[in-house]
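**Student:** Dropping the structure in here first, questions after.
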Amino acid sequence: MLRFPSFRFACTLLIALGFVCLNSTAASAQTWAEKMFKERSHDFRIVGRGTKSEFHFEFTNLYEEDVHVSAVRTSCGCTTPTVTKDTVKTYEKSAVVATFNTSTFIGQKSATLTVVFDRPTYAEVQLKVSGFIRTDITFDPPEVSFGEMGSGESGEREVIITHTGNSNWEIVDVRSHCSNLKARLSPVQRTPGMVRYRMVVKMDDQMAEGEIRERLTLISNDRSFPTTEMAISGTIQPTVSVFPASVSLGTTSRDGKAEKKLVVRGKEPFKVADVLCADKRFEFEVPVGSKKVHIVKMRYIGDGTDNSISQEVRIVTDLEGDKSASCVVTGTVK
């Protein structure tokens with residue numbers, strides 16, 4: 001039987017982690033796995049030949065047991081699936097990455113990705129992808145990649161957009177789906193049978209920390225294919241981070257004790273202002289002074305109850321904006 005984290009502590013995480021409190025009667029042989037996924041279908045829409053097109057089907061382990069992905073298969077070679085992490089502990093996240101093979105396929109394509117789980121019980125989840133790959137538009141480079149950047153940094157990237165076959169083709173607008181990204185086009189260059197634009201994409205210094213998986217939509221005067229999508233990727237490194245991001249205390253008795261150390265790192269010297277945890281069975285030894293690396297000692301002291309351990313720990317610093325980092329602590333009490 002699948003075991004869900006206790007109602008009391010799972011609900012504590014509801015705001016911070018966006019989880020829904022579940023009950024074991026709802027987790028049938030197949031639906032327990034489906035409940036972990038935020039989305040199970042994606043339309044790449046219209047993309048250019050050779051452009052990078054990926055979508056991350058994210059899922060979160062909502063259960064006390066480890067979840068294991070044993071295989072992922074595809075119904076069509078137009079899409080290649082991979083898994084970012086095949087063994088996922090309680091409240092950890094992973095993703096099935098669907099890569100649309102735009103260099104080797106053209107036209108309307110679709111695929112079904114079957115994700116096979118063998119732990120804690122057998123289940124299969126089907127993910128659907130579709131899209132149209134056109135041959136008359138190419139991008140150089142094939143995506144707008146900002147690489148790794150620090151929090152608060154801005155940057156620009158340039159891409160060449162080439163359309164062949166119609167000298168009257170025109171981009172009438174470029175729409176960003178993220179307010180922190182703006183695009184501007186240079187004057188168009190036209191030659192017989194070819195249209196070329198130079199586009200600059202700018203990211204401002206307010207982009208949120210974490211992975212960037214955004215897109216631009218090019219709107220043209222082509223009535224048959226008025227829109228074309230382009231991917232934007234990168235990573236904004238966090239100002240402060242905590243390791244490990246997921247801590248397991250294993251199994252302890254009702255009056256048991258456990259101790260772990262959390263390593264907190266920053267890009268610049270900082271003080272640990274506070275450690276927040278809603279579970280009163282936890283105590284923390286807050287380090288003093290200002291430096292780039294701190295060790296926070298975390299102690300768990302059982303209170304005689306058998307409530308499972310499933311709790312977010314947030315470490316708040318004195319950096320501008322009260323920058324913080326979080327980890328999740330889990331465990332079983334018997």
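**Student:** Based on what the data block shows, is V275 touching a Pro at 6+ places or on another chain (Cβ under 8 Å) and among the aliphatic types (A, V, I, L, M)?
**Tutor:** Against the criterion (touching a Pro at 6+ places or on another chain (Cβ under 8 Å) and among the aliphatic types (A, V, I, L, M)), V275 does not qualify.
**Student:** Next question, about the same structure. Of all residues being touching a strand residue (DSSP E or B) at 6+ places or on another chain (Cβ under 6 Å) and not in a strand (DSSP E or B) in region 205-217, which is nearest to L185 (Cα to Cα)? Just the residue, please.
**Tutor:** Once the filter is applied, the top-ranked residue is M207.
**Student:** I've got another one for you. Within region 86-121, which residues are among the polar types (S, T, N, Q), without any contact (Cβ under 8 Å) to a residue 60 or more places away in the chain and farther than 22 Å from V328 by Cα?
**Tutor:** Passing the criteria: T99, N101, T102, S103, T104, Q108, S110, T112, T114.
**Student:** Now a separate question. Which residues, counting only those in region 67-93, are modelled with pLDDT under 95 and under 16 Å from K35 (Cβ atoms)?
**Tutor:** Of everything in region 67-93, those that are modelled with pLDDT under 95 and under 16 Å from K35 (Cβ atoms) turn out to be V88, T90, Y91, E92, K93.
**Student:** From (1) surrounded by 14 or more Cβ atoms within 10 Å (Cβ to Cβ); (2) modelled with pLDDT of 95 or more, pick out the condition that doesn't hold for V293.
**Tutor:** Result: V293 passes all but (1).
**Student:** Which count do you get for residues in region 296-311 that are surrounded by 16 or more Cβ atoms within 10 Å (Cβ to Cβ) and part of a loop (DSSP other than H, G, I, E, B)?
**Tutor:** 3
**Student:** For region 312-331, give me the residue count where each residue is surrounded by 19 or more Cβ atoms within 10 Å (Cβ to Cβ), out of contact with any Cys (no Cβ under 6 Å at 6 or more places or on another chain) and part of a strand (DSSP E or B).
**Tutor:** Residues flagged as surrounded by 19 or more Cβ atoms within 10 Å (Cβ to Cβ), out of contact with any Cys (no Cβ under 6 Å at 6 or more places or on another chain) and part of a strand (DSSP E or B) within region 312-331 amount to 10.
**Student:** Now for a different question. Among the residues of region 122-146, which ones are under 15 Å from V47 (Cβ atoms) and in contact with a Gly (Cβ under 8 Å, 6 or more places away or on another chain)?
**Tutor:** F132, I133, R134, D136, I137, T138, F139, P142
The values are calculated or read from the model by the stated rules, or taken from the named source; none is laboratory data. Predicted model only: the values in this text are computed from it and were never measured. Positions of Cβ are generated from backbone atoms using ideal geometry, with glycine treated the same way; all protein chains shown enter the neighbour counts.
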